[in-house]
Every structure is written in structure tokens, then in C-alpha cells.
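A.B. asks: One structure, as C-alpha cells, below. Some questions next.
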Amino acid sequence: MDIDSFWSLIEACRQQALSRDDRLEWLRGELSQRSPAEIVEFQVRLNQVTADAFTWDLVAAAERIFGGWCSDDGFCYFGLWMVGLGREAFERAVADPDALARTPEVRRLVGRPRSEWGDAWPGWESLDYVALEAHELVAGESDDCGDAFYDAVNARASSDVGPRDPAGERWDVRDEEEASRKLPRLSSVFPLTVGT
């Protein structure tokens, strides 16, 4: 599965159902009709694109959306959620994190307390497990830790996937002047609630 095929599958998934659970069920079904090698390749591509999003500017964008703080795990789930926005929105956000302010999914959050975000929450942890689940269905075996699956993923992954630290220069989203300069739209619609 090349990168274009990966994104085609994500786009098809976006068109199938409204809820994330329904989309995951559809994606699991689609992946389980493919070979184990193709399912592994899906995970390799997912890891590749989320690694592309691992930048300090996107960390700052996530922190701004979340009110001033985002955990490491929270950012990982945020990156997976960005994949779910589709290729165009994802690549636009990687190039310009402030572009997230224009996506309908982010606009729906503006002005609403985080306690009311519910299913609109900008995180999609389950997307990271759908290939493993499909692989287990196809292979007919279940490994609680997915060791065989992840060994296969790691064997296929290029060595440059999965940076340990975000790319770019770290900056503090709580510095309003810098945030207004680097993320003007997000800063104007998501006030800080942490550390202020």
C-alpha cells in the first residue's frame, strides 16, 4: 500500500459514516479484506504520516485548542484525529498549523466548553489499533500485545519514521505575543485556560 492508496482508504472511510466508531468498523472491514502484508503497510503509512505531524508548531496548535496544555499521549491522539480529517486538511495543517482553525471539525469546538465536546473531541486513539485488529481477523490469531504485528510493521518501516522529539523549534503557546504571531486564528478563538 503506497501513500496515495493509504489516503484513498482514509478518504473513503470519511465518506462512509458519521461516527468514529462506525468509521472504524468500516475501516476494519475494508482492511480485513486485504492481505496481512497490506494491513501492515497501512500501519506503516499511518505511522509515517503521524510522524510528519510531530512538530513543535502542531504541538502548540493542539495546546492552544486544549486551552494551554496537551499531554504527549493527547498529542499522539490529536495527530491520529488529524489523519481522520483527510489528506488535504492534514497536509495543510502540517504546512500551516493555524489552518486548523478553518476546518469544520475545529470550528465546531469554538466557544464550547471542553466538557461538552463529546464525540467531537480532537483525538482518535482507536485509529492506531484498527490495523492490528484487522490483522488479527485475517491471520486468525490474537496476540494480546500484537508483538508479531508490530514486529512486521517495524521491519517494513523506514528508519526515519518516528522521531523522538518534535521537529522545528520549541516555543511556548502561553506567550500570547508569540502565539498571536504564529497561530493568529487559533489564538483568537481558543483562549488559554491553563497556566494563565
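A.B. asks: Output yes when any residue across region 124-132 is touching a Gly at 6+ places or on another chain (Cβ under 6 Å) and of a type in the set (A, V, I, L, M, F, W, C), and no when none is.
C.D. replies: Yes, because at least one residue in region 124-132 is touching a Gly at 6+ places or on another chain (Cβ under 6 Å) and of a type in the set (A, V, I, L, M, F, W, C).
A.B. asks: Determine, yes or no, whether ARG114 is over 26 Å from GLN43 (Cβ atoms), open to solvent by 50 Å² or more (accessible area, probe 1.4 Å) and free of Cβ contacts under 8 Å to residues at least 60 places away in the same chain.
C.D. replies: yes
A.B. asks: Given (1) in a helix (DSSP H, G or I); (2) within 23 Å of LEU24 (Cα to Cα); (3) open to solvent by 30 Å² or more (accessible area, probe 1.4 Å), where does ALA134 come up short, assuming only one miss?
C.D. replies: It fails just one condition, (3).
A.B. asks: Inside region 153-170, can you point out the residues that are at pLDDT 85 or above and open to solvent by 60 Å² or more (accessible area, probe 1.4 Å)? I'd like the intermediate steps shown before the answer.
C.D. replies: Of the residues in region 153-170, the ones at pLDDT 85 or above are 153-156, 165-170.
The answer is ASN154, ALA155, ARG156, ASP165, GLY168, GLU169, ARG170.
A.B. asks: A further question on this structure: Restricting to region 37-80, and then to whatever is open to solvent by 10 Å² or more (accessible area, probe 1.4 Å) and aromatic (Phe, Trp, Tyr), can you tell me which residue is farthest from LEU183 (Cα to Cα)?
C.D. replies: The residue in question is TYR77.
A.B. asks: Pull up region 1-22, narrow it to residues that are of a type in the set (A, V, I, L, M, F, W, C) and not in a helix (DSSP H, G or I), then point me to the one that is most open to solvent (accessible area, probe 1.4 Å). Explain how you work it out, then say what you get.
C.D. replies: Restricting attention to region 1-22, the residues satisfying the condition of being of a type in the set (A, V, I, L, M, F, W, C) are 1, 3, 6-7, 9-10, 12-13, 17-18.
From what's left, not in a helix (DSSP H, G or I): 1, 17-18.
Values: MET1: 39, ALA17: 25, LEU18: 172 Å².
Only one residue fits best here, namely LEU18.
A.B. asks: Would you confirm whether any residue within region 121-129 is assigned to a helix (DSSP H, G or I), open to solvent by 60 Å² or more (accessible area, probe 1.4 Å) and at pLDDT below 90?
C.D. replies: Going residue by residue through region 121-129, those that are assigned to a helix (DSSP H, G or I) are 125-129.
Restricting the remaining residues to those that are open to solvent by 60 Å² or more (accessible area, probe 1.4 Å) gives 125, 129.
Then keep just the ones that are at pLDDT below 90; that gives none.
Among the residues of region 121-129, not one is assigned to a helix (DSSP H, G or I), open to solvent by 60 Å² or more (accessible area, probe 1.4 Å) and at pLDDT below 90, which makes the answer no.
A.B. asks: Among the candidates ARG181, ARG92, single out the residue that is without any contact (Cβ under 8 Å) to a residue 12 or more places away in the chain, assigned to a helix (DSSP H, G or I), farther than 20 Å from LEU24 by Cβ and in contact with a Leu (Cβ under 9 Å, 6 or more places away or on another chain).
C.D. replies: On the way: ARG181 fails: in contact with a Leu (Cβ under 9 Å, 6 or more places away or on another chain).
After applying the criteria, what remains is ARG92.
The values are calculated or read from the model by the stated rules, or taken from the named source; none is laboratory data. In this text the structure is predicted, and so the values were computed from the model without any measurement. Cβ atoms come from the backbone with ideal geometry, glycine included; neighbour counts cover every protein chain shown. Just so you know, the surface numbers come from the protein's heavy atoms only, side chains and all, with ligands and any DNA or RNA stripped out. Shrake-Rupley method; radii C 1.70, N 1.55, O 1.52, S 1.80 Å.
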